[in-house]
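Q: After the structure tokens below, expect a handful of questions from me.
Values quoted throughout were computed directly from the atomic coordinates according to the rules given, and no laboratory measurement underlies them. None of these values were measured; they are calculated from a predicted model. Cβ sites come from the backbone with ideal geometry, for glycine too, and all protein chains shown count toward neighbours.
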Amino acid sequence: MQFTIPILHSAVTIMTPLLLASMGGLFTELTGMLNIALEGLLLMGAFSSVICSHYTGSMVVGTLLGIACTMGLSAILAVVTLNLKSNVFITGLAVNLLSAGLTVVLCFSLFGNKGVVVFDNIPSLPLLGTPSLARIPILGDIFIGHSAFVYLSWLLLGICYYTLYGTPFGFRFRATGLHQEALSALGLSPNRYKFFAFLISGFTCGLGGAMLTLNLGAFVPNITAGKGWIALVIIFLGNKKPLGLLLAALVFGLADAFSNYAQGALQVPSDFILALPYLLTLLAMVGSSIYAKKKGAIES
Amino acid sequence: MAREKKLARKTIRTFVREGAAILLILTIALVWVIILSLLLSKTPAKTLGYFFLGPLQNTYYFGNMLNGSIPLIFGGLGVSLAMRSGNFNLGGEGQIYSGALVTTLCAISLAPLGIVGAFLALVLGALVAGALAGVSGFLRMQWNTSELITSFLLSNAVVLVVNHLISGPFLDPSTSLMATRKIPEAFRLPLLLPPSNLSMALPIAILAVVVVQLYLYKTKSGYELRMTGLNPFFAKYGGIDTRRYMVLPMVLSGALYGLGGGLAIYGTYYASIKEFSSGMGWNGLAVALIAKSKPTAVIPAALFFAYIEAGARSAMLHSDVTFEIAAIVQSIVFFLISSEVLLNLFTKRGKQ
Amino acid sequence: MELAVEMLAITKTYPENNIRANEAVDLQLRKGEILCLAGENGAGKTTLMKVLYGMESQDSGTISIHGRKESITSPLVAKGLGIGMVHQHFMLVEEFTVAQNVLLGIEPVRFGISYDQKKANALVNEVIARHHFSLEAGTLVKDLTVGQKQQVEIVKMLYRDADILILDEPTAVLTEQEIEALFTTLRQLANHGKSLILITHKLHEIKAISDRVAVMRQGRMVGIYETTRMDERNISALMMGKTISLEIAHAEKPQKSLPVIVFDKVTVVRRGQERPLLNNLSFTAYSGEILGFAGVGGNGLGVVEAVLGGFIPTVGGRILHHESEITNMNTAQLRKQGLAYVPSDRLRIGSAAKATVEENIMVNASHMFTRQGFIDKKKSASFTERLLASYKAKATAQMPINTLSGGNIQKVILAREIEQYQDYIVFSEPTWGLDVASSQFVYEQMAELRDKGAAVILISSNLDEILTVADRIIVLYHGYRVASFAGKEARNLSKEEIGEYMLGIRRQGTLHG
């Protein structure tokens, strides 16, 4: 089993952007909106943080600016969806299309290149962990020695849980999705909480996207490759609960890490490996809907 | 009857107002072309000239633009049909691509059958694409799995599988392209406007619009499909088999996409080239949204999108911007096209 | 006398359909009184209250609260002025506790940020105790009865120091006992100086609770009267404009009665719920009679409708149509068996709002116009026109059905269903929300069907309707058949007596179908 631990270790890395994106998506989902823009927001986060890191020479500043850009995009999404009363699904598609187009257009005009752009001045992400902790058998090997993004995502998950279940803010978020008229009848504005939810999505997707590109020190067109969609599925599989997200994200992280391993070791065509997350997601969706139907009450 | 005349006039008025709102949205999108050119191009005037006038410059570009609208018409029809029944087909990318590949491969092996073979190959391509979409319909019927998400996921996986098939088992070693072998000469559709690549597929696409229009409004099945889309509870109550209309429209929708893919092979590409159809599925969706799922409105909507694509391509060839600005313009359309505020802009003013 | 609210010359037109809902309406609410706002459906009561509560803005007219002119632009402004409204549909988050619902938006916090659960419960329990409600702040709202949920709504307003309370048809969903408890509470509130407006059209409740009654008709205020000086007949006359008594001849001697629909010990259970929705229900609907089902909402009427319509499965028992078994057939199969059915929910189930009248009419008849899959438009259009004419529906074939009035939509549905009936027909809440003339039309149609030999099944929570029309009556309580009345017995039944069965106070010993 010598390959198990590296797979688990890399699963923890792989699941982090998924976990981050799904956390933001959880807020939009709880306010009653199917946010398919996670994919585009992640891509925007990935692009803008690596570019900003490149120009400012600081990964921290770059990441912060990247998050700001992504939140800007999510604010546009929010205004168009809420104030212009558009279908959130269609505007989400617009964000995905815009990110895909804009990142390539900007790459082309900034670097004259539509393919992979490597940034030599960006060092690889420092890995955290004290040697004494890393020496803990198995757990140390798996959970220690990741970049700051990984530990930040766990911290954010805790904050996310506390916000939703322990603060007045969280109650209003959840009330928005559960019964938004109840909120507006009390003079509170559901749209306000939906707006915040979009901004939070922008924040976590900006962070998650930053991890994707800063890990590589490069931008690859469509680097997200469906991760935003998988984040959406994680929300459903995680039963819209913060801890559920963690478990579901771990499942996808493992699947991805295993398929990376399989690609090298088992000589499966790479296209099939790339297709695997989509098919697994599909199976998970079908599985959860069969479960929901079995469990659910009889409806007319 | 005076009352009916009044109603007719009212209908025309709403039609004009809705049309005005959509024109406004399309104009906003085109204004963005100007803004982007000013921002990104060193020679914005030249870029804009090529963008807006390039597609109309000569028969070659004009014909190519018309040709570009063909898969959009099929895709737009496919999505419209699904949306009319209350289903969402987001799998256009995979359906077009797989339909094209199946048609290509069947055309090659059915070459001895002549015209019958050509026809069969098209049908088989459409069937496979239809079955693909039908899976999502079936999943929804059986377990209420969201067809919107499953069709997207399935399509993403299928695109990758088709990529593998084209660049692996079915690769034509005699060319440097990532492509399959070419279909027999006899199967290729005649060109209408040489030297452009506009082919006989255009009249077939227009025929498809007519057929879908007739199906929706003149047949019992089309009626049942529309009622299911307007109010599924009502349809079920009225005795319509609503489960059928979770699957059938998806199959038809996928088949139209597949047919679009197959005809793109017969009319333009002659072989399945890796990722040749990339983006066509999404644009089909956009076309259906602009057309508000009305089959007859699909044609102008498809022309608009083809125009933007042709303009972007022309600007890319002759100036210093890249083709992806088309995607940005399209995203502007997506941002605004479902806005209730914008669509009712003129209706409300008319009331007072 | 001090006025809590004074509305003067309020006019409101809805731009979507150009309906003038309020025309120069005046209303005065005195401090500490209970005022009933009465009127038929569509008289403009709810619109007037929405204007007062800031949910709609008036085109013209002024509102004064406690003598000061105010411009109430949103519910938030209304709340600031001490106005609270209990809506007909509860605005409660079922998954939250009573306290969490009451305090939504004004939550107590600890450490400046954390939701203080303990304090929340204490604060709300205090208000509950002060007004003697039967509630506990920590209970989840989904575990409450309907009456308790309404109390939560009232607590919500009281907690926010509302002294002008608007209640929109507060008794519609309550049992008799719950209504009594509510009225006691409302009376106490008035004695504490709160001013209350109740929207209602139930005459005996107006008499029972109000100090004054304001009557509206067709968007105008007819007048405001001291309740003690009015009787139910006066109020009714003012509401309707003229007195009409709905009369339908009963089938004196049913001709040759044949069993058409037979329920044999039918049981329906919703998964995850212990109490069956229907419990061993047996009955027979005979030809040439109107069989009425009575009951309070939530006691099985809707379930009988859904089973007859093929919308929910049964877990036990059999259903027969003549000799053939139709248990658990879906609606499409039942339609082929001869089902004709006027559903209670005309907008969600009975019609497709955006489809034309013709498309709505042909849903159960499209086979009549279809040749080789194609629809003969000429035939379907002339069919539609004929139906519209013979049922006197003010509509044309190509209008979208959502441009019609409620009464005309119901006529279209009646026309469609009656035209296709074979030997039985189900009516569920057929006159809900209709005016008197339209209701009379519906009753006449039902009587005519009965006289032609149809088995007519009427499901209605409107007791007057059941007593007026039905030849035989079955009362449902908690999914059980608790009483049945036939012939003379049914005709001489008093409302009070049948009401006791509906509320589960009485039940008949042995029951035969």
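Q: For chain C, build the charge dipole from Cβ charges (+1 Lys, Arg; -1 Asp, Glu) around the Cα centre, then report which of C:39, C:404, C:285 sits farthest towards its positive end.
A: So the residue furthest toward the plus end is C:404.
Q: With a/c under 1.5 counting as rounded, go ahead and sort the stretch B:58-351 into rounded, prolate or oblate using the C-alpha gyration tensor (a ≥ b ≥ c being the square roots of the eigenvalues; past the cut-off, prolate if a/b is larger than b/c, else oblate).
A: oblate
Q: Given axes a ≥ b ≥ c from the Cα gyration tensor, I'd like to know whether the stretch A:42-137 is rounded (a/c under 1.5), prolate (a/b larger than b/c) or oblate.
A: Judged from the Cα gyration tensor, the stretch A:42-137 comes out oblate (a/c at least 1.5, b/c at or above a/b).
Q: Taking Cα centroids, how far is the stretch C:439-513 from the stretch B:31-75 in Å?
A: Each part's Cα centre sits 72 Å from the other's.
Q: Going by the alpha-carbon gyration tensor, a ≥ b ≥ c the square roots of its eigenvalues, is the stretch B:1-130 rounded (a/c under 1.5) or, if a/c is not under 1.5, prolate (a/b greater than b/c) versus oblate?
A: The shape class here is oblate.
Q: In peptide B:43-54, what is the residue-averaged number of other protein chain Cβ atoms found within 10 Å of each Cβ?
A: Taking all residues of B:43-54 together, the mean is 0.
Q: Further question on the same structure: Tell me the angle of helix C:406-420 to the major Cα principal axis of chain C, expressed in degrees between 0 and 90 and rounded to the nearest ten.
A: 20 degrees
Q: Among all helices in chain A defined by DSSP H, which have a length of 24 Å or more along the axis from Cα atoms plus a Kyte-Doolittle mean of at least 0.5?
A: A:4-30, A:38-56, A:59-78, A:88-111, A:148-166, A:190-216, A:242-265, A:270-295
Q: Rounded to two decimals, what is Rg over Rh for the protein assembly as shown when you use alpha-carbon atoms and the Kirkwood radius?
A: 0.99
Q: What value, in deg cm²/dmol to 500, does the helix sum -39500 (n - 2.57) over DSSP H runs of n ≥ 4 give at 222 nm once divided by the residues of the protein assembly as shown?
A: The per-residue figure over the protein assembly as shown is -18000 deg cm²/dmol.
Q: Tell me, what ³J(HN,Hα) does each residue in the stretch C:444-458 have, in order and in whole Hz, if you take phi through Karplus 6.51 cos²θ - 1.76 cosθ + 1.60 with θ = phi - 60° and put x for Gly and Pro?
A: Values per residue, Gly and Pro as x: 5, 4, 5, 5, 5, 4, 4, 5, 7, x, 7, 8, 9, 10, 10 Hz.
Q: What ranking do B:210-220, A:261-271, A:164-174, C:150-160 get when scored by the average of other Cβ atoms within 10 Å per residue, highest first?
A: C:150-160, A:164-174, B:210-220, A:261-271
Q: Of C:177, C:125, C:51, which is farthest towards the positive pole of chain C's charge dipole, taken about the Cα centre with +1 and -1 on the beta-carbons of Lys, Arg and Asp, Glu respectively?
A: C:51
Q: On average, how many beta carbons from a partner chain sit within 10 Å of the beta carbon of a residue in B:277-289?
A: Per residue, the average neighbour count from other chains is 1.
Q: Roughly how big is the protein assembly as shown's charge dipole about its Cα centre, with Cβ charges of +1 (Lys, Arg) and -1 (Asp, Glu), in debye to the nearest 20?
A: 1580 debye
Q: Just how large is the dipole of the stretch B:214-352 about the Cα centre, in debye to the nearest 20, putting +1 at every Lys and Arg Cβ and -1 at every Asp and Glu Cβ?
A: It works out to roughly 760 debye.
Q: So which GluC sites (Glu not before Pro) in the stretch C:341-394 pass both tests, a DSSP loop state and at most 13 other Cβ atoms within 10 Å of the Cβ?
A: The qualifying sites: there are none.
Q: Which of the helices in chain B meet the span-like rule: DSSP H, Cα axial reach of 24 Å or more, Kyte-Doolittle mean at least 1.6?
A: Passing helices, by number: B:115-143, B:201-218.
Q: Hey, another quick one. Taking +1 at the Cβ of each Lys and Arg and -1 at the Cβ of each Asp and Glu, which of B:302, B:227, B:143 sits farthest along the dipole of the stretch B:58-351 towards its positive end, judged by Cα position relative to the Cα centre?
A: Of the candidates, B:227 comes out farthest on the positive side.
Q: Treating the beta-carbon of each Lys and Arg as +1 and of each Asp and Glu as -1, no other charges, what is the dipole magnitude of chain B about its Cα centre, to the nearest 20 debye?
A: It comes to approximately 1560 debye.
Q: Could you tell me how many degrees, from 0 to 90 and to the nearest 10, lie between the Cα long axis of helix C:176-191 and the main elongation axis, the longest principal axis, of the Cα atoms of chain C?
A: The answer is roughly 20 degrees.
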